Amino acid sequence: MNMMNKRIKYLISAIIIIVTEVFIAFYVHDNFIRPYAGDILVVFVLYFLYKTLFPKKNKNLPIYIFIFSVIVEILQGINIIDILGLGDITFFRILLGTNFDIKDILCYLVGCVILYYIENKNIK
């Protein structure tokens, strides 16, 4: 598969997961899918968006995504949205989140372990 086709495949995958995330946010009000599956899927969005720009294999990419996700979660814990004066803007509250939860980090870890397997299954 040529590089452009890979990029398109990754972009379409990211868009599908983003649409799934939006669907979950608006229509799923349960105690499992919304709080846990949504957080697992968000690392897949980051992965596919990155792969859209840089489609070559990167065996450490899931580790970098996990570190980035943990940093964002910690920033939620210190109320970075309010510190930056963006607390009244819904877009930023949704994009960056507003509540620290250790369970979110565990979900990111689950997603990144899956991604690590995917990214490294054919690397020798």
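The values are calculated or read from the model by the stated rules, or taken from the named source; none is laboratory data. None of these values were measured; they are calculated from a predicted model. Quick reminder, even Gly has a Cβ in these numbers, built from the backbone with ideal geometry, and neighbours come from all protein chains shown.
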Filter region 11-41 for residues that are out of contact with any helix residue (DSSP H, G or I) (no Cβ under 7 Å at 6 or more places or on another chain) and of a type in the set (Val, Ile, Thr); the one that is farthest from PHE100 (Cα to Cα) is ILE12
Among helices (runs of 4 or more DSSP H) entirely within region 59-124, at least 1 residues that are of a type in the set (Gly, Ala, Ser), surrounded by 11 or more Cβ atoms within 10 Å (Cβ to Cβ) and within 11 Å of the chain's Cα centre (by Cα) occur in 61-77, 102-120
Spot the failing condition for ASN31; the list is (1) under 19 Å from ILE105 (Cβ atoms); (2) assigned to a helix (DSSP H, G or I); (3) modelled with pLDDT under 95, and only one is missed.
(2)
Residue list for region 99-121, restricted to those being within 21 Å of PHE32 (Cα to Cα) and modelled with pLDDT under 95
ASN99, PHE100, ASP101
For region 62-98, which positions are at pLDDT 90 or above, out of contact with any helix residue (DSSP H, G or I) (no Cβ under 6 Å at 6 or more places or on another chain) and not β-branched (Val, Ile, Thr)?
TYR64, PHE68, LEU75, GLN76, GLY77, ASN79, ASP82, LEU84, GLY85, ASP88
First in region 38-52 and farther than 14 Å from GLY111 by Cβ, second anywhere and at pLDDT below 95, Cβ under 8 Å, 6 or more apart:
LYS51/LYS6
Scanning region 38-61 for residues that are farther than 18 Å from LYS9 by Cα and at pLDDT below 95 gives GLY38, ASP39, LYS59
Name the pairs whose Cβ atoms lie under 7 Å apart, with the first residue in region 89-108 and within 19 Å of LEU46 (Cα to Cα), the second at pLDDT 95 or above and small (Gly, Ala, Ser), and 6 or more positions between them or separate chains?
TYR108/SER69
